[in-house]
Amino acid sequence: MAVSPKELKIGTKAIDFNLKGVDGKYYSLDTFKNKKVLCIIFMCNHCPYVIAVQERINQIARDYAGRSFALVAINPNDDVAYPEDSFENMKKRANEIGYVFTYLRDETQEIAKAYDAACTPDVYVYDKDRILRYRGRIDDNWKDETNVTRKELRLAIDKVLEDKEIDFEMIPTIGCSIKWK
């Protein structure tokens, strides 16, 4: 099923935030102002879709670290109903896996709502002007990395880094619904 750019909100401006990271620091869009590309991924700890791709997300952050790129993950899930998604457990997961990207907590869920995030993972790629250029899946096989044949997130990041248009169909990600309070 094709999804229109309007439905994906392509061309819209990034919404600012001020969220606490697992490192205890607060982050906003301004924190990443010197990066040409900003990737924001709404994710959490307990979702099997995220668990299946968390190493891929981390590898993307690692692979693009030397370029003008930042990857930020935001966990908006209700941590009362899903204690595995608590801030303390976010810190543990980031440490256990060795996340090399910024992992933030959206305690009020206001940022996830403002971005119209729907699931975990939900992937957004912004250009230097913080205009949304890509919203779609990480690759074509969330379940088994050995069967991936198309790495759409990497393709999108490369296009934006090169100031080129996204010239392929954006296929929405699948995942667990965000656990709203």
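Below are the figures for this structure:
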| item | result |
| --- | --- |
| Whole-Hz couplings from phi, Karplus 6.51/-1.76/1.60, listed for the stretch 96-108; x for Gly and Pro | 4, 7, x, 4, 9, 10, 7, 10, 10, 10, 9, 4, 7 |
| Packing-based order for 36-43, 169-176, using average beta carbon neighbours within 10 Å, highest first | 36-43, 169-176 |
| Likely footprinting exposure, THR120, THR102, fewest C-beta neighbours within 10 Å first | THR102, THR120 |
| Amide proton proximity set for VAL37, modelled H, under 5 Å, gap of 5+ | PHE69, ALA70 |
| Segment LYS113-LYS25, extension gain: residue separation times 0.36 nm, minus the distance between their alpha carbons | 29.4 nm |
| Exceeding the 29 Å Cα-Cα cut-off - candidates LYS92/LYS143; LYS92/LYS164; LYS25/LYS159 | LYS92/LYS164; LYS25/LYS159 |
| GLU165, GLU107 arranged by Cβ crowding within 10 Å, fewest neighbours leading | GLU165, GLU107 |
| Relative exposure of TRP180, TRP142, judged by other C-beta atoms within 10 Å (fewest first) | TRP180, TRP142 |
| Two-site label geometry, ILE15 and LYS33: point separation in nm, points 7 Å out along Cα→Cβ | 2.2 |
| Residue list for the stretch 113-139, given a label point 7 angstrom along the Cα-to-Cβ vector of ARG150 and an amide N cut-off under 15 Å | 135-139 |
| Disulfide-incompatible cysteines by the Cβ rule (no partner under 4.7 Å) in the chain | CYS39, CYS44, CYS119 |
| Added length on full extension, which subtracts the Cα-Cα distance from 0.36 nm per residue, ARG130 to PHE168 | 11.7 nm |
| Pair-distance profile P(r), taking every C-alpha pair of the chain, with 10 angstrom steps and integer % | 10, 41, 39, 10, 0 |
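A short reminder: the numbers here are calculations on the coordinates, not readings from a lab. Since the structure is predicted, the reported quantities are computational estimates derived from the model, not experimental observations. With ideal geometry, Cβ positions are generated from the backbone for all residues, glycine too; neighbour counts draw on all protein chains shown.
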